[in-house]
1. Of the residues that sit in the range 19-73 and are of a type in the set (Asp, Glu), in a loop (DSSP other than H, G, I, E, B) and more than 18 Å from Leu164 (Cβ to Cβ), which one is most open to solvent (accessible area, probe 1.4 Å)?
2. Report whether or not Gly200 is modelled with pLDDT of 95 or more, of a type in the set (Gly, Ala, Ser) and in contact with a His (Cβ under 9 Å, 6 or more places away or on another chain).
3. Which residues, counting only those in the range 87-108, are open to solvent by 20 Å² or more (accessible area, probe 1.4 Å), part of a loop (DSSP other than H, G, I, E, B), in contact with a helix residue (DSSP H, G or I) (Cβ under 9 Å, 6 or more places away or on another chain) and modelled with pLDDT of 95 or more?
4. Mind checking which pairs have a first residue in the range 23-34 that is within 24 Å of Val150 (Cβ to Cβ) and a second that is in a strand (DSSP E or B) and among the acidic types (Asp, Glu), Cβ under 9 Å, 6 or more apart or different chains?
5. Give me the pairs: first residue in the range 79-96 and in contact (Cβ under 8 Å) with a residue 60 or more places away in the chain, second residue hydroxyl-bearing (Ser, Thr, Tyr) and in a loop (DSSP other than H, G, I, E, B), beta-carbon distance under 6 Å, and six or more apart or on different chains, which are they?
6. Return yes when Asp243 is of a type in the set (Asp, Glu) and either in contact with a strand residue (DSSP E or B) (Cβ under 8 Å, 6 or more places away or on another chain) or part of a loop (DSSP other than H, G, I, E, B) (or both) and no when it is not.
7. Just to be sure, is Ala165 without any contact (Cβ under 8 Å) to a residue 40 or more places away in the chain and of a type outside the set (S, T, N, Q)?
8. Can you tell me which of (1) at pLDDT below 95; (2) surrounded by 19 or more Cβ atoms within 10 Å (Cβ to Cβ) is the one Pro209 doesn't meet?
Amino acid sequence: MDAAWEDSGWEQLAAGVGRYRLPRWDATAGLVAGRDGALLFDTGATLREGRELRTRAEAVLGRRVTHIALSHPHFDHVLGTAVFAGVQVYGAVGTDALLARGSRGADALRRDAVRHGVPAPEAAEAVAHLVAPHHPVSGELTLELGGLRVTLVNCGPGHTGHDLALLVPGGQCGPGGGSGDRDIVFCGDLIEESGEPQAGPDAMPARWPAAVDRLLALGGEDALYVPGHGAVVDAAFVRGQRDVLAARSRVS
């Protein structure tokens, strides 16, 4: 493992792959770096958090983030995007409409951020500079980052109507000796470790277990699963949370 990741505050999961746990809401941001490109998975709850992620990413990479993938359209995962100039932004189909400036979805993000404790001026500033995805993902989309391929997968609906996961297959020849032998799946809030899965008004409980089944199919038994909040987990944890969600919604 590369000490530069730890020195920059990232938990390194494999060569070229890490995650950072933002304070306050314990939201996870993922970073995947190939020779030619670097992808950030989620951008934080404010422009200030976005700037922190940008600084930490550039410190470990020595270059800029080129791609951003947004796991789902909730304030604590998307409001920092605008500080990353020139990036290509990806999201599940429908996320682009919800994050369009001036839309009802944008105003709902602002109100939700304030309700959860973001100062009103910070929330308003972030929403005024909101960035909608340039590339809607309807099924699977593979990106080549230079010696490291990743796949964005529209796994929802579940936690929201628009849930995107990120698969980093193991055994690749990325910078520093490859991505590691184990697949890594960034789950967004389809999985949460630091608390019970949170279901807001935009959740689809009856379809959530099937979305988790898709995560398990992506990574299999030996993968590392990175929740939207909390510590990295294994397949057994993911299956257990799937069963909890199924019991909640009475889906077998």
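The values are calculated or read from the model by the stated rules, or taken from the named source; none is laboratory data. Since this is a predicted model, take the numbers as computed values, not measurements. Note that we place each Cβ from the backbone using ideal geometry, even for glycine, and neighbour counts take in every protein chain shown. The area values use the complete protein model at the heavy-atom level, side chains included, leaving out ligands, DNA and RNA. Shrake-Rupley method; radii C 1.70, N 1.55, O 1.52, S 1.80 Å.
1. Looking at residues that are of a type in the set (Asp, Glu), in a loop (DSSP other than H, G, I, E, B) and more than 18 Å from Leu164 (Cβ to Cβ), I get Asp36.
2. No: the conditions fail for Gly200.
3. The one that is open to solvent by 20 Å² or more (accessible area, probe 1.4 Å), part of a loop (DSSP other than H, G, I, E, B), in contact with a helix residue (DSSP H, G or I) (Cβ under 9 Å, 6 or more places away or on another chain) and modelled with pLDDT of 95 or more: Ala100.
4. Close Cβ pairs (under 9 Å, with a partner that is in a strand (DSSP E or B) and among the acidic types (Asp, Glu)) amount to Ala27/Asp189; Gly34/Glu144.
5. If the second residue must be hydroxyl-bearing (Ser, Thr, Tyr) and in a loop (DSSP other than H, G, I, E, B), the pairs left are Val93/Ser138.
6. no
7. Answer is no for this residue.
8. Failed condition: (1).
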